[in-house]
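The values are calculated or read from the model by the stated rules, or taken from the named source; none is laboratory data. For clarity, every value in this text was computed on a predicted model and none was experimentally measured. Cβ placement follows ideal geometry from the backbone for every residue including glycine, while neighbour counts extend to all protein chains displayed. Side chains are part of the model used for accessible areas, which takes the heavy atoms of the whole protein and leaves out ligands, DNA and RNA. Shrake-Rupley method; radii C 1.70, N 1.55, O 1.52, S 1.80 Å.
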Amino acid sequence: MSNVSGPGRLVRLRRLLALATDNWGGRGYLVVFAASVPVAFLFPDSVYAMAPVLLTEPLSMLGAVLPFGPGSAEGSGGVAVVAASVGMGAWLLACALVNAAVVGALAHHVRDVRGDARHA
(Lines give C-alpha, C1' and ligand atoms only; values in the text may rest on other atoms or scores of the structure.)
Protein backbone atom coordinates (compact mmCIF):
# COMPACT_ATOMS: atom_id res chain seq x y z
CA MET A 1 0.00 0.00 0.00
CA SER A 2 1.52 3.32 -1.06
CA ASN A 3 1.46 6.52 0.90
CA VAL A 4 -0.58 8.85 -1.29
CA SER A 5 -0.88 11.65 1.25
CA GLY A 6 2.85 12.50 1.20
CA PRO A 7 3.10 14.03 -2.31
CA GLY A 8 -0.35 15.61 -1.95
CA ARG A 9 0.78 17.49 1.13
CA LEU A 10 3.82 18.86 -0.69
CA VAL A 11 1.66 20.04 -3.57
CA ARG A 12 -0.71 21.84 -1.17
CA LEU A 13 2.25 23.40 0.67
CA ARG A 14 3.72 24.62 -2.64
CA ARG A 15 0.36 26.13 -3.60
CA LEU A 16 0.12 27.87 -0.23
CA LEU A 17 3.64 29.27 -0.55
CA ALA A 18 2.99 30.34 -4.14
CA LEU A 19 -0.16 32.23 -3.17
CA ALA A 20 1.67 33.84 -0.25
CA THR A 21 4.71 35.00 -2.21
CA ASP A 22 3.86 35.53 -5.88
CA ASN A 23 2.32 39.01 -5.62
CA TRP A 24 3.01 42.30 -3.89
CA GLY A 25 0.13 41.99 -1.43
CA GLY A 26 1.27 38.68 0.06
CA ARG A 27 4.92 39.65 0.11
CA GLY A 28 4.14 43.02 1.69
CA TYR A 29 2.13 41.30 4.42
CA LEU A 30 5.03 38.92 5.14
CA VAL A 31 7.48 41.85 5.28
CA VAL A 32 5.32 43.73 7.77
CA PHE A 33 4.95 40.57 9.87
CA ALA A 34 8.71 39.90 9.76
CA ALA A 35 9.42 43.49 10.82
CA SER A 36 7.00 43.24 13.73
CA VAL A 37 8.73 40.22 15.31
CA PRO A 38 12.02 41.97 16.24
CA VAL A 39 10.07 45.02 17.40
CA ALA A 40 8.13 42.78 19.79
CA PHE A 41 11.39 41.46 21.24
CA LEU A 42 13.08 44.86 21.43
CA PHE A 43 10.15 46.58 23.14
CA PRO A 44 8.37 43.88 25.18
CA ASP A 45 6.55 46.34 27.44
CA SER A 46 5.17 48.54 24.67
CA VAL A 47 1.96 48.28 22.71
CA TYR A 48 3.94 47.01 19.72
CA ALA A 49 4.77 43.75 21.51
CA MET A 50 1.38 42.35 20.48
CA ALA A 51 1.87 43.29 16.81
CA PRO A 52 2.77 39.77 15.55
CA VAL A 53 -0.29 38.27 17.24
CA LEU A 54 -2.57 41.02 15.96
CA LEU A 55 -1.21 40.72 12.43
CA THR A 56 -1.93 36.99 12.34
CA GLU A 57 -5.53 37.14 13.51
CA PRO A 58 -8.01 35.36 13.31
CA LEU A 59 -6.03 32.09 13.41
CA SER A 60 -3.69 33.23 16.15
CA MET A 61 -6.64 33.83 18.46
CA LEU A 62 -7.03 30.06 18.67
CA GLY A 63 -4.23 30.35 21.22
CA ALA A 64 -6.64 32.17 23.52
CA VAL A 65 -8.86 29.09 23.54
CA LEU A 66 -6.13 26.44 23.67
CA PRO A 67 -3.68 26.83 26.57
CA PHE A 68 -0.45 26.87 24.56
CA GLY A 69 2.39 29.35 24.63
CA PRO A 70 5.03 30.79 26.95
CA GLY A 71 2.50 31.83 29.59
CA SER A 72 1.12 28.31 29.99
CA ALA A 73 4.50 26.86 31.01
CA GLU A 74 5.62 29.74 33.23
CA GLY A 75 6.19 27.76 36.44
CA SER A 76 7.46 24.59 34.74
CA GLY A 77 11.10 25.51 34.20
CA GLY A 78 13.38 26.68 31.41
CA VAL A 79 12.97 23.81 28.95
CA ALA A 80 9.16 23.93 29.03
CA VAL A 81 9.14 27.70 28.49
CA VAL A 82 11.54 27.41 25.54
CA ALA A 83 9.49 24.58 23.99
CA ALA A 84 6.27 26.55 24.42
CA SER A 85 7.88 29.68 22.94
CA VAL A 86 9.17 27.76 19.92
CA GLY A 87 5.76 26.16 19.44
CA MET A 88 4.03 29.51 19.64
CA GLY A 89 6.52 31.02 17.18
CA ALA A 90 5.89 28.18 14.72
CA TRP A 91 2.14 28.65 15.13
CA LEU A 92 2.43 32.41 14.44
CA LEU A 93 4.56 31.71 11.35
CA ALA A 94 1.96 29.24 10.05
CA CYS A 95 -0.80 31.78 10.71
CA ALA A 96 1.18 34.47 8.86
CA LEU A 97 1.65 32.18 5.85
CA VAL A 98 -2.06 31.38 5.73
CA ASN A 99 -2.98 35.06 5.99
CA ALA A 100 -0.45 35.98 3.27
CA ALA A 101 -1.95 33.26 1.06
CA VAL A 102 -5.42 34.72 1.62
CA VAL A 103 -4.16 38.20 0.71
CA GLY A 104 -2.48 36.71 -2.36
CA ALA A 105 -5.62 34.85 -3.41
CA LEU A 106 -7.66 38.05 -3.03
CA ALA A 107 -5.11 39.94 -5.11
CA HIS A 108 -5.34 37.28 -7.83
CA HIS A 109 -9.14 37.45 -7.74
CA VAL A 110 -9.18 41.24 -8.05
CA ARG A 111 -6.69 41.09 -10.93
CA ASP A 112 -8.76 38.45 -12.74
CA VAL A 113 -12.03 40.37 -12.25
CA ARG A 114 -10.46 43.59 -13.52
CA GLY A 115 -8.99 41.75 -16.48
CA ASP A 116 -12.37 40.27 -17.36
CA ALA A 117 -14.04 43.67 -17.03
CA ARG A 118 -11.56 45.22 -19.49
CA HIS A 119 -12.19 42.55 -22.12
CA ALA A 120 -15.97 42.62 -21.77
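What is the distance in Å between the Cα centres of region 15-46 and region 89-120?
15
Tell me, what is the 1.4 Å probe accessible area of residue 88, in Å² to the nearest 10?
Ignoring ligands and nucleic acids, residue 88 comes out at about 40 Å².
Quick one: which of 105-115, 25-35 comes out on top by average Cβ neighbours within 10 Å, and what's the full order, highest first?
25-35, 105-115
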